[in-house]
Amino acid sequence: MLLNLPKVVKPIGARLLSGARAACLGVDVYPSDFASLLKECKSANTVHQIHQQIIASGLLSLPTPLLSVSLPALPSEPFISPRSLGTSVVASYLACGATDYALLVLERVTPSPAVWWNLLVREHIKQGRLDSAINVSCRMLRAGTRPDHFTLPHVLKACGELPSYRCGSAFHGLICCNGFESNVFICNALVAMYSRCGSLEEASMIFDEITQRGIDDVISWNSIVSAHVKGSNPWTALDLFSKMTLIVHEKPTSERSDIISIVNILPACGSLKAVPQTKEVHGNAIRNGTFPDVFVGNALIDAYAKCGLMENAVNVFNMMEFKDVVSWNAMVAGYSQSGNFEAAFELFKNMRKENIPLGVITWTAVIAGYAQRGCSHEALNVFRQMIFSGSLPNCVTIISVLSACASLGAFSQGMEIHAYSLKNCLLTLDNDFGGVDEDLMVYNALIDMYSKCRSFKAACSIFYDIPLEERDVVTWTVMIGGYAQYGDSNDALKLFMEMISEPYGVAPNAYTISCILMACAHLAAIRIGKQIHAYVLRHHRYESSAYFVANCLIDMYSKCGDVDTARHVFDSMPQKSAISWTSMMTGYGMHGRGSEALDIFDKMQKAGFVPDDITFLVVLYACSHCGMVDQGLTYFDSMSADYGLTPRAEHYACAIDLLARSGRLDKAWKTVQDMPMEPTAVVWVALLSACRVHSNVELAEHALNKLVEMNAENDGSYTLISNIYATAGRWKDVARIRHLMKKSGIKKRPGCSWVQGQKGTASFFVGDRLHPLSPQIYALLESLIDRIKAMGYVPETNFALHDVDEEEKNNLLVEHSEKLALAYGLLTTSPGCPIRITKNLRVCGDCHSAFTYISKIVDHEIIVRDPSRFHHFKNGSCSCGGYW
């Protein structure tokens, strides 16, 4: 038994020392000994020690003449040449991942076999060192080794993944010089390389040459189809796939090739929402037996989801024998894309219950679903869970989370997401975008978030850090939209001019146009609005979204005081959406043209549109602003009786405003008491406004107290109660309100009016004397006041909220901003042209009376817009009919 005991094998370190000692003692050490030692090495350090011993033994440095001589083997040891020993060292270094050492050795082996260079190139690609892989291939050429049909596909793959068109085209030249242009494997690699470098034309040329030579195979077709899908040419991809199914079936194929063909073409079907083609590909997969494959099933789920056929996607999902994480992700993403968020959330919860791994696509789909649905708090909560789970977000996740922050105005959370993106390398810190679209998408989302959080300093900092030539239409649009909605609309107009200016002019899309029209509407800048309208008519790129742009034009013209042109745009629309009808009704309502608003409401129903709660809100608003009390109350009652709609607090506010404006304060108060929900601030403001018109001090005080309890009071509310006290002569109460405002830190906004003249827009504050034409303005006003006093105008001094004598009150009333703007308009506007004035506060009652008289003696229609409505003064009357 003792004879059968296993032999004790020396550790490799001991054998190495004994070999070194033998060499020192002059004992022969054979190359085969080192070769066997190299095979057993497990670390680069050990290989390095053996390598040193080989060099010290002179086994890599036989005289050059002997390298070409075939030496006989010794009786006891096989002969190993220096080249073989050198490649053994290379192999050992490669096995231990020491590619740099392997390269140094390989360059000194003469001649060096191409197979080891190929392995080196592959190892660099596997490690993601694409530049190094290309560098190795160049050093291979310098070492005198000719690349073979295995080398070039690997190198072309590295060029494509970088991507580097310059390097790829250089190797293309090498391929032609070395006679590889007829090798189908290398030609397929060329097609893939040019495709990844974005050179679809060159890829197509190579493919055409392959087919002309008749050397094409299924991989060639798969490569060109994939190239067109990625190059945003889905129709071309589908056409090529159809030809492929007719031609390639005669050529030998593998099941894997068939699977790749199906998986390649389905994204094109999905992007086009091409239902017949998707079903045709599905049938093809069933016929050739590739359908049960998980990759094909996942691609089908994605394609059906993008086509809006979630029922088909569910059927595919249920029929799959094996489902991986991608399958579940595709289903969640499909539900989210189709707007069926309930199903997406339910599937998400089930995945968590069953401990199915959640990929970044699943997390992102759920976060995006919550964000799009307006559930921003839930979106942020899911994002926190994602981070805690260890799943790393991608750029799409960050964009969705930033959208949620923007909706909430969550500035601090948005800053945290920004910092997280920088920390985790989801954003570059410098200005070199290098064509990375994901970076720009995240920067656009950051600009949008900071703008909606009203942090324009941060938004501008990011915007101007993006090089001018790198900004796309989304970059410009989010910045312009931020200014238009939450900032200074004048800045939005300036930015739009920069956007379309050369040399890096960017063509605005429909969303940009809507944002700039919104800015024009805010400023009542009808002249610029007309220029934008003309721009839209000249450029036919907006035809696909014509009704969307037209709705914005209706809104712009209505808010700029030209409701007739808004109606012309409305009538010229070939197709109208519910928003189109509602916008037109709103326009008529704010101009006091209630009959036309109700006529639009009737036509809307005849066109097949069913009114919703927003439509009724507009109808009630229109009735309220033109004194149509009975009609308005009828519509209010019909909401629940005829349309099954439950009135919300906003509808009650309109009904209360309708009653209160007409003097029915008792019924308005009873309606407040009978509300099925707690009255909101809008209700109390409506009641307070009516109390000013009808001088009901007691009810006004009650309404203000309710606003104070709700922390909803503002300078407008205090100004209204001050007006009511001043009208009643209760100057001590006026002083008390002023003290209360000062104590609460509430400042009354100064009245400001602006008017468009021939030389641009001029703005005026109360008592403004800074304008160069101030002497002429005040002189004209004095003349006009004298003339209308002779006609019966009596200044309403109760609107001068100061306890001073009547003469001083008269002087204070003359200095109101809207009167100054009118005088400027009369001085600078051609006879017969309308004068358009916009005021940031409610029009003063005395100014309203004065404008009514002035409209009798001037050859202009005076159009005044305040935050509530429009007043058209013409021939001694106003469009409001006293309901304002």
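Some notes on this structure:
- Any chance L358 is over 21 Å from W328 (Cα atoms), in contact with a helix residue (DSSP H, G or I) (Cβ under 9 Å, 6 or more places away or on another chain) and crowded, with 17+ Cβ neighbours inside 10 Å: no
- Test set (1) of a type outside the set (A, V, I, L, M); (2) at pLDDT 85 or above; (3) open to solvent by 20 Å² or more (accessible area, probe 1.4 Å); (4) more than 42 Å from the chain's Cα centre (by Cα) - F765 fails condition number: (4)
- Among the residues of the stretch 189-204, at least one is under 20 Å from A227 (Cβ atoms), at pLDDT below 90 and open to solvent by 50 Å² or more (accessible area, probe 1.4 Å).
- Residue check for Y93: open to solvent by 10 Å² or more (accessible area, probe 1.4 Å), hydroxyl-bearing (S, T, Y) and part of a helix (DSSP H, G or I): no
This table checks each residue for (1) over 30 Å from T46 (Cβ atoms); (2) touching a residue at least 24 places away in the same chain (Cβ under 8 Å); (3) not in a loop (DSSP other than H, G, I, E, B).
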| position | (1), (2), (3) |
| --- | --- |
| L103 | no, yes, yes |
| R108 | no, yes, no |
| P111 | no, yes, no |
| L120 | no, yes, yes |
| E123 | no, yes, yes |
| I134 | yes, yes, yes |
| G160 | yes, yes, yes |
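- Residue match in the stretch 229-247 (condition: modelled with pLDDT of 90 or more, more than 27 Å from R287 (Cα to Cα), in contact with a Pro (Cβ under 7 Å, 6 or more places away or on another chain) and open to solvent by less than 70 Å² (accessible area, probe 1.4 Å)): no
- Residue list for the stretch 473-517, restricted to those being assigned to a helix (DSSP H, G or I) and open to solvent by 60 Å² or more (accessible area, probe 1.4 Å): V474, Q485, Y486, N490, K494, M497, E498, Y511
- Residues (part of a helix (DSSP H, G or I) and buried (at least 18 other Cβ atoms within 10 Å of the Cβ)) located in the stretch 376-395: S376, A379, L380, V382, F383, M386, C395
- Filtering the stretch 577-606 to residues that are outside any helix (DSSP H, G or I) and open to solvent by 60 Å² or more (accessible area, probe 1.4 Å) leaves only R593.
- Scanning the stretch 295-311 for residues that are part of a helix (DSSP H, G or I) and within 14 Å of L266 (Cα to Cα) turns up F295, V296, G297, N298, A299, L300, I301, D302, A303, Y304, A305, K306.
- Wholly within the stretch 609-687, helices (runs of 4 or more DSSP H) carrying at least 1 residues that are without any contact (Cβ under 8 Å) to a residue 40 or more places away in the chain, aliphatic (A, V, I, L, M) and within 23 Å of S879 (Cβ to Cβ): 613-624, 629-643, 649-661
- Within this structure, S461 passes the test of being open to solvent by 40 Å² or more (accessible area, probe 1.4 Å) and either of a type in the set (A, V, I, L, M) or part of a helix (DSSP H, G or I) (or both).
The values are calculated or read from the model by the stated rules, or taken from the named source; none is laboratory data. Just so you know, these numbers come straight off a predicted model, no measurement behind them. Quick reminder, even Gly has a Cβ in these numbers, built from the backbone with ideal geometry, and neighbours come from all protein chains shown. Surface areas here come from the heavy atoms of the whole protein model, side chains and all, with no ligands, DNA or RNA. Shrake-Rupley method; radii C 1.70, N 1.55, O 1.52, S 1.80 Å.
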